[in-house]
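Below you'll find the structure, written out as structure tokens, and then a few comments.
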């Protein structure tokens, strides 16, 4: 039996049935990592010792007959912008190449408490800025489905690790699609929960009004298990919600019958519709929903037309302030080349930030500057409100919205690095979800030209349970 | 004269809350460097701020005490700039939506009461502190990082350093009354910047505003304003145009020194602080805070005039601080004579404290002891002069007045028989004075009283001495 081909929940069942030990699960994955990492480069830092120690504890607990947590013995990989105490956390940047955090993020604490086994930290676009994991200071990650192609991004390392069977579960972060798009590119499940459902404490922010921790698994059940292990109100994060919806259950769903599905009309008329074959696959998938008893309806979300511009202004504005603390004074990279304070700041940041990071800091600085702020930042905030209202209207009589996750197939390495605007445009299906604080999940809908494509199921705020159930229903129909 | 000075103030007040504004670190002055820090106030990556309710309530107390309009929703913003003592590259502050706007404070210059209006009061976090060493390196202490502040901004309603000083005193007094700050300038819990310029209202000309920083006491603030007023007057008279600039007060040189010229407004690239979701301020919360406010200085003064029959001046002095007013009323409960007590407090007690450069909260005498002393005088057990001597002794030794009087045998001689004897003896040995008195020289009486006091070591009841002396001298 190849342990690494099991789903996380299957591993847990066998562990609790004492068919396999936590150490065996871990060894299988460490072997896989040893075999594949030179091709994939999914991890920036591995924590073998920490993982072995955690697995040993789980086995000991099991032997003593103690209760085990929800992630008992299951390997988990963490995107490298999630702080781990005394385990290097780089954000894919030279700036934090040697940064050892003095504390654990809340989600990390929860994984440890749930008896999960943390394998290490995965590669990502620098400070989560990018859609291909190519802006990382620590080299490209390759797509396990086709090593000549990117895994997507920014959480490309986590997605590749799950798709490449280096781990069953992983966490990423999703600011404008950074979990869903790599899930689509790698042919796995990736979910961005409702803003406020998972604590951001200890997650290095990129754009703090949009960032949300997201989860990866090879099926919906795994994504659900990962999500429920880390979600919940956190008094250390003022934006985490006390609201209901915490009971994210999969119970009571067998089919898509009666599911009220909305399709945004605006996506029919888009100029960049991407590959026609991908669109065709999407239409077939909608048909699958319809045949399974879902009620399909078109809705209009007029403000979607402005979502990319709105996203790039708000995101870059927040980036410019969130990344100000990396100044070479207290932690992180410090230049050796300075006389004055200004040189210390300028040279540290010039030497340690990559090109895409600098580009977004400059965009954001511009959008917030006096004289430009009203027509950029403040206007974008108003449009954001309109986008939220459009969605609220659509969800009044629909359960979910279906769309593609990304308008393109995973592209060749280095093929897009000089086309930042084209890269930005590829976010059109994912960014509105972050702007409105909604939840969305990307589930594989088969291959096109031998490469995976993802279906995005979007739900209202705290409709996390609904989209998981819809995803599960779809999985069952097509299996 | 048509030339008018315009002064506006920006005052930063550290709130004396238990915790820092966005984390659970203690808010305390004077701890060992970098001992009151955590990931949040150090601005470590990933750490998030959670606003402290007490800090908001303290700021709301100020807003209510100064009659401000209170915002419906608290929104925080990021003020972006780079500085080593600023951990995150931005300060969490408020831009377009201050917690409190408008409001006023009334001052009482000689010309009569005047309202100084406020532009706004907003809440923000303090920064760390830079320590410059002798070898030229700079060290950073982040104990102060994240301590809650209110920034109080006035309109340019003050027309002299005197008015500004009265405003600052009243402000400090009120902030102390409502218990939201230690307001100690020397510890930096109250910091003041001055904006000043002059206008010629006839000609319609004016100088550009200068901002003066580094004012470490009210005294240096006054000196700096006077210095700047003169400098601006000269600029205006000479017809020179100046640009907006920031200057620093040099206490030693007694002058302001230019720090930078401001050709354009500072651009802090304010952005929403999305880590803190907007907090609604409901009416019930406001009413709870309003009810918890103590009696404010002005109301207390009016009450002192009405209830205790004090003059406006006396009531003003006695309500200068809450401690003083409280002490007065506590003592009054035992003395029952507001005028008499007022004289003692404003005369000997406050003068003594002022001479020793002490605040009233350092007053070494209890209200009970002071009441006892005044009652000894009131009941003629000691005379007024002895009373003052006993008070000095109380200040120095902290002993109870009864003990001092007993120890030193200072009880007043009010026994008519005993005093009569001394009066007779004094008259016997001073025939010349009797002669002088009869020849219309009233001064002779003073001399005779002095002799009697000398003979009794000052303990004779002065009224009785006078009475007996007049009686006996007429019999001669």
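Any read-out appearing in this document is the output of simple, stated calculations on the displayed coordinates, not a laboratory observation. Bear in mind that the values here come from a model prediction, so they are computed numbers and not experimental data. We place every Cβ from the backbone using ideal geometry, glycine too, and count neighbours over all the protein chains shown.
Brief remarks on what is shown
- Most to least packed among B:326-335, A:275-284 [average Cβ atoms within 10 Å]: B:326-335, A:275-284
- Across every direction, the projection of the convex hull enclosing the Cα atoms of the protein assembly as shown has a mean area of 54.7 nm².
- Here the translational diffusion coefficient of segment B:318-395 follows from Stokes-Einstein with Rh set to the Kirkwood radius across Cα pairs; for 37 °C and 0.692 mPa s it amounts to 263 µm²/s.
- Using R0 = 51 Å, the C-beta based FRET efficiency linking residue A:64 and residue A:335 works out to 0.45.
- Relative packing of peptides A:16-24, A:210-218 - highest average C-beta neighbours within 10 Å first: A:210-218, A:16-24
- Placing R0 at 22 angstrom, the Cβ-Cβ distance between residue B:262 and residue B:200 gives a FRET efficiency of 0.45 after rounding to 0.05.
- Gyration tensor analysis over the Cα atoms of segment A:280-398 returns equivalent ellipsoid semi-axes of 43, 19, 11 Å (largest first, whole Å).
- Taking the DSSP beta bridges with both ends in the protein assembly as shown, the antiparallel portion is around 80 percent.
- Each DSSP beta bridge with both residues in segment A:6-129 is either parallel or antiparallel, and the antiparallel ones are about 45%.
- What the pair-distance distribution of segment B:300-433 shows, using all Cα-Cα distances binned every 5 Å from zero, is 2, 10, 18, 19, 16, 12, 8, 6, 5, 4, 1, 0 percent.
- Separation of alpha-carbon centers, segment B:375-427 and segment A:86-110, rounded to whole Å: 78
- Per residue of peptide A:337-344, the mean number of Cβ atoms on other chains within 10 Å of the residue Cβ is 1.
- Likely footprinting exposure, A:31, B:135, fewest C-beta neighbours within 10 Å first: B:135, A:31
- For segment B:3-285, the alpha-carbon coordinates run over 57, 54, 32 Å along the three principal axes, in decreasing order.
- Legend: mean number of C-beta atoms from other chains within 10 angstrom of residue C-beta atoms, peptide A:257-264, equals 0.
- Kirkwood hydrodynamic radius of segment B:91-246, Cα pairs, Å: 17.7
- Compactness of chain A - radius of gyration and Dmax, Cα, Å: 21.3, 70
- Rg over Rh, two decimals, segment B:416-475 (C-alpha only, Kirkwood Rh): 0.92
- Which of B:452, A:82 has the fewest Cβ neighbours within 10 Å, and the rest in rising order: B:452, A:82
- Hull volume per residue, based on the alpha-carbon atoms of segment B:1-49 and their convex hull, is 154 Å³.
- A protection proxy built from the mean count of other Cβ atoms within 10 Å ranks the segments A:414-427, A:127-140, most packed first, as A:127-140, A:414-427.
- Angle between chain B longest axis and helix B:297-308 axis [Cα atoms, degrees, rounded to 10]: 20
- Histogram of C-alpha separations across segment B:244-337, 10 Å bin width, %: 12, 20, 13, 21, 26, 8, 1
- Convex hull volume per residue in cubic angstrom - Cα atoms of chain B: 229
- With a 10 Å cut-off around each Cβ of B:82-89, the average count of Cβ atoms from other chains is 6.
- In terms of other Cβ atoms within 10 Å, A:267, B:104, A:195 run from fewest to most in the order B:104, A:267, A:195.
- Principal-axis tilt of helix B:218-237 within chain B, Cα atoms, nearest 10 degrees: 60
- Working note: 222 nm ellipticity from helices only, DSSP H runs with n ≥ 4, each -39,500 (n - 2.57), summed and divided by the residues of chain A, gives -11500 deg cm²/dmol to the nearest 500.
- Each pair of Cα atoms in segment B:1-148 enters the Kirkwood radius, and Stokes-Einstein at 10 °C and 1.306 mPa s then converts it into a translational diffusion coefficient of 92 µm²/s.
- According to the calculation over all Cα-Cα pairs in segment A:158-278, the P(r) per 5 Å bin from zero is 2, 11, 16, 18, 19, 18, 11, 5, 1, 0 %.
- Pairwise Cα inverse-distance average, inverted: Kirkwood Rh of segment B:113-166 (Å): 14.3
- For chain B, the longest principal axis of the alpha carbon atoms and the long axis of helix B:283-292 meet at an angle near 30°.
- Volume of the convex hull of segment A:78-225 (Cα atoms only), normalised per residue: 92 Å³.
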